[in-house]
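First comes the structure, then the notes that go with it.
The values are calculated or read from the model by the stated rules, or taken from the named source; none is laboratory data. Note that the structure is a prediction, hence the values are computed from the model and not measured. Positions of Cβ are backbone-derived with ideal geometry, glycine not excepted, and every protein chain shown enters the neighbour counts. All accessible areas refer to the heavy atoms of the entire protein, side chains included, with ligands and DNA or RNA removed. Shrake-Rupley method; radii C 1.70, N 1.55, O 1.52, S 1.80 Å.
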Amino acid sequence: EKCGYSHFMLKEIMEQPEAVRKTISPRLVNREIVLEELNDAKELMKNISRIYIVACGSAYHVGMVGKYAWEKLLHIPVEACLASEFRYSEPLLGESSLVIVISQSGETLDSMAALREAKRKGSKVLSIVNVMGSSIARESDYVLYTWAGPEIAVATTKAYTTQMVLLLMLGNYLTKQLNRIEQDEYAAIIRELQSLPEKISVILNNLEHYQKTAANYFNHNSIFYIGRNLDYALGLEGSLKLKEKSLSNIVEVKSRGAEVIALTTELTVNQIGSQASEMFVIPKTHLLLQPVLGVIPLQLFAYYVALNRGCDIDKPRNLAKSVTVE
Ligand code: M6R
């Protein structure tokens, strides 16, 4: 079942080009994003002045990316909420709020409870789910499936990337339908969406680099991931400023004795390279799609560090694949 891989996690990491392709291609028709599941986007978005993206764990991290991307695309307030907090935080629900629930399993209890609360208070719920016919899928007003296939390892990889790509597609679809995006920008995003599977493969072709880096760092007591929100600024100057800030962060942690592994795109290799001990380089893509590629090196690094440390990779201690109890 592991098809020659030592763990499901690595198998599932390697399946990402295909999982992302299956999630994207049926929804790209003649250079347009087509989401038949929604029938009429204008109907869905009618009266919507606020969006909540609700999820747990990694799916919540996808929601955090969604918040930044969607606010830029749709120009309406978007909040990413942890499902376990959602129903206790008095969200502004009702007809003018749309609630997006993201869940691989479609069975996470907190996400389910948030969905029910949203519907009870009159909001429409659209879910992004991997398991067909799951509870969350059944109770939602609209469902978009990620076509990642079964994910066995507790640590999510291909479900995460497909959730991310689908959420970003949905944001672009809505902004196009609502005429809130320039045609050139939309066309550029479509082109980059099409090339994502290939670019993920490029990263996955270099497993030895992650293997070696992990072997050098696996016995460190702490690893800190440092970064600024998302490099979403569209203007050159804004982008340059963010990069300069990131650079000074690197210099700062280095001067305090830390070693630095930088995750960067081809564009900034030279600037970053001189400051970092190691680099994970991802191919250049549209800014909004960068997180889809950026997560792949982090998955591989985590996998090989865990391997070196002799961890139980597919079933980490005290963790369940989906949390269906409170
Ligand atoms: O099935 P779900 O997407 O609703 O699960 C949510 C979280 O439990 C899940 O993303 C968890 O954080 C991951 N397994 C961690 O890799």
Query raised in the report: Across 10 Å bins from 0, what is the distribution of all Cα-Cα pair distances for the stretch 58-118, in whole percents?
Result: 21, 55, 23, 0
**Report entry** Rule-of-thumb Rg ratio for the stretch 87-132 [Cα; 2.2 N^0.38 Å; N residues]
**Finding:** 1.11
Query raised in the report: How big is the accessible area of His220 in square angstrom, nearest 10, if you roll a 1.4 angstrom probe over the protein chains?
Result: 60
Query raised in the report: If you rank Ser255, Ser135 by how much accessible surface each has, with a 1.4 Å probe, what is the order from largest down?
Result: Ser255, Ser135
Query raised in the report: Out of residues 5 or more away from Leu28 or on other chains, whose amide H comes under 5 Å of its own, with H placed 1.01 Å from N in the peptide plane?
Result: Val34
Query raised in the report: Which percent, to the nearest 5, of DSSP beta bridges fully inside the chain are antiparallel?
Result: 5
Query raised in the report: Relative contact order (percent) for the chain, with alpha-carbon contacts under 8 angstrom and 6 or more residues of separation?
Result: 21
Query raised in the report: Per residue and in Å³, how big is the convex hull formed by the alpha-carbon atoms of the stretch 132-208?
Result: 116
Query - Mean projected area (nm²) of the alpha-carbon convex hull when the stretch 253-310 is viewed from all directions - result: 4.8
Query raised in the report: How much length is gained if the chain between Arg317 and Glu71 is pulled fully straight, taking 0.36 nm per residue apart and subtracting their Cα-Cα distance, in nm to one decimal?
Result: 84.8 nm
Query raised in the report: Looking at this model, which pairs from Lys119/Lys176; Lys119/Lys158; Lys67/Lys321; Lys72/Lys176 are more than 19 angstrom apart at the alpha-carbon?
Result: Lys119/Lys176; Lys119/Lys158; Lys67/Lys321
Query - Diffusion coefficient, µm² s⁻¹, Stokes-Einstein with Kirkwood Rh over alpha-carbon pairs of the chain at 37 °C and 0.692 mPa s - result: 159
Query - Around Val78: net Lys/Arg minus Asp/Glu count, Cβ-Cβ under 14 Å - result: +2
Query raised in the report: Using θ = phi - 60° and the Karplus curve 6.51 cos²θ - 1.76 cosθ + 1.60, what whole-Hz ³J(HN,Hα) does each residue of the stretch 255-260 get, with Gly and Pro shown as x?
Result: 5, 9, x, 8, 8, 10
Query - Solvent-accessible area per residue for the stretch 81-152 (1.4 angstrom probe, square angstrom) - result: 41
Query raised in the report: Which residues' amide hydrogens lie under 5 Å from the amide hydrogen of Ser123, considering only partners 5 or more residues apart or on another chain, with H built in the peptide plane?
Result: Gly94
Requested in this report: At most 12 other Cβ atoms within 10 Å and a DSSP loop assignment: could you name the chymotrypsin sites (Phe, Trp or Tyr not before Pro) in the stretch 48-105 that fit?
Outcome: Tyr88
Query - MRE, 222 nm, helices only [DSSP H, n ≥ 4, -39500 (n - 2.57), over the chain, to nearest 500] - result: -15000 deg cm²/dmol
